[in-house]
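One structure is given here, and the rest of the page talks about it.
Any read-out appearing in this document is the output of simple, stated calculations on the displayed coordinates, not a laboratory observation. These numbers were taken from a predicted model, which means no experiment stands behind them. Note that each Cβ is placed from the backbone with ideal geometry, even for glycine, and that neighbours are counted across all protein chains shown.
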Amino acid sequence: MQQRTPVYGAVAADHLKRPRNLGKLADPDGVGHVEETSTDTLVTVYLKLESGPSGRPVVAEARFRAFGCGGCIVTGSVVTELAHGRQLVELAALDGAAINRALEDGLPPEQRYCADLAARALHLAAESISR
């Protein structure tokens, strides 16, 4: 039986081919790690903050590492781009649906769960700073 190859939309395909912000961040202010054992998927998000225009901290740099399907690389890449420049309180609004919208729903249905994992890793990274 031939295995079906996932078909990515244009935005997702670009992030898969050229992931943004891939790799560990040295000396992060916050780290969020999600391990989904049912799918053997790992996503880690690293955040570095700086003082923003209002004096409140904003995400100066966000990076990620992922192990799993292509969808994890794509969503990790997108979530770091979405987080950049935002205040910590704004990160809670970046959920799986927001990530899928940013990807113009370009993930195959069987990989859309990766957006929720990336969002959860981002939220955990923000929470680790807030503690």
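Would you check which residues across segment 31-74 are of a type in the set (S, T, N, Q) and in contact (Cβ under 8 Å) with a residue 60 or more places away in the chain and list them?
Applying the first criterion (of a type in the set (S, T, N, Q)) to segment 31-74 yields 37-39, 41, 44, 51, 54.
Within segment 31-74, T39, T41, T44 meet the criteria.
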Legend entry - So L122, is it over 15 Å from H15 (Cα atoms) and part of a helix (DSSP H, G or I): yes
Inset, instruction - Could you please find all residues in segment 90-111 being among the acidic types (D, E) and either in contact (Cβ under 8 Å) with a residue 60 or more places away in the chain or assigned to a loop (DSSP other than H, G, I, E, B) (or both)? - result: D95, E104, D105, E110
Inset, instruction - Give G85, G55 a once-over and let me know the one that is assigned to a loop (DSSP other than H, G, I, E, B) and either out of contact with any Gly (no Cβ under 9 Å at 6 or more places or on another chain) or under 16 Å from K24 (Cα atoms) (or both). - result: G55
Inset, instruction - Determine, yes or no, whether T75 is assigned to a strand (DSSP E or B), touching a His at 6+ places or on another chain (Cβ under 9 Å) and not aromatic (F, W, Y). - result: no
Inset, instruction - Answer yes if at least one residue in segment 56-75 is of a type in the set (S, T, N, Q) and crowded, with 24+ Cβ neighbours inside 10 Å, and no otherwise. - result: yes
Inset, instruction - Considering every residue within segment 86-103, establish whether at least one is loosely packed, with under 14 Cβ neighbours inside 10 Å, closer than 20 Å to T37 by Cβ and either out of contact with any Leu (no Cβ under 6 Å at 6 or more places or on another chain) or charged (D, E, K, R) (or both). - result: no
